[in-house]
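For reference, the structure is listed below as structure tokens.
Values quoted throughout were computed directly from the atomic coordinates according to the rules given, and no laboratory measurement underlies them. As the structure is a computational prediction, the values presented were derived from the model and not from experiment. All Cβ positions, glycine included, derive from the backbone under ideal geometry; neighbour counts span all protein chains shown.
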Amino acid sequence: MKKSTSFSVKERVQSFAPAFNGIKLLFKNEHNAWVHLFFMLAIIVLGTIVQLNSVEWLFIALAVSLVFLYELFNTALEKLADKVEPSFSTIIGAVKDYASAAVLIASALQ
């Protein structure tokens, strides 16, 4: 996309396309994203049943958002690591394990 000096609503809307593509790719290629989505929906149903208040919903939304953010960062890091070092590397393996651990901890705290 060309750089423009004037504000353009169309260009602002188009600038979201890569982000939406990233979300699409996450759910298309990463099975764990579907697991997170399932539990998010289960939490919404249970929260509705027990009638959570506004503050409780805020904390639920924050926790769910953090899990998806960690999953996105973990996936991005893994894809980049695989591109940079296609063969097995103990250091790359450890980095990927750390990122996966962050997702696991965020999920467990949800």
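I'd like to verify a number: residues in segment 7-30 that are assigned to a helix (DSSP H, G or I) and more than 12 Å from the chain's Cα centre (by Cα), how many?
So the count comes out to 11.
So, ALA33, is that one over 13 Å from GLN110 (Cβ atoms) and part of a helix (DSSP H, G or I) or not?
Spelling it out, ALA33 is indeed over 13 Å from GLN110 (Cβ atoms) and part of a helix (DSSP H, G or I).
Taking segment 22-44 as the region of interest, how many residues are surrounded by 11 or more Cβ atoms within 10 Å (Cβ to Cβ), within 17 Å of LEU77 (Cα to Cα) and not hydrophobic (A, V, I, L, M, F, W, C)?
Of the residues in segment 22-44, 3 are surrounded by 11 or more Cβ atoms within 10 Å (Cβ to Cβ), within 17 Å of LEU77 (Cα to Cα) and not hydrophobic (A, V, I, L, M, F, W, C).
Can you run down the residue pairs with Cβ atoms below 6 Å, 6 or more apart or on separate chains, where the first is in segment 62-87 and closer than 13 Å to MET40 by Cβ and the partner is not hydroxyl-bearing (Ser, Thr, Tyr) and not in a helix (DSSP H, G or I)?
Pairs that qualify, where the first residue is closer than 13 Å to MET40 by Cβ and the partner is not hydroxyl-bearing (Ser, Thr, Tyr) and not in a helix (DSSP H, G or I), are ALA63/GLN110; VAL67/GLN110.
Within segment 45-70, take every residue that is over 18 Å from the mean Cα position of the chain (by Cα) and polar (S, T, N, Q) and give me the one that is surrounded by the most Cβ atoms within 10 Å (Cβ to Cβ).
Among them, the one singled out is THR48.
Per-residue answers, yes or no, for (1) in a loop (DSSP other than H, G, I, E, B); (2) over 19 Å from ASN21 (Cα atoms); (3) of a type in the set (S, T, N, Q):
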| residue | (1), (2), (3) |
| --- | --- |
| ALA76 | no, no, no |
| ALA81 | no, yes, no |
| PRO86 | yes, yes, no |
| ILE92 | no, yes, no |
| ALA99 | no, yes, no |
| SER107 | no, yes, yes |
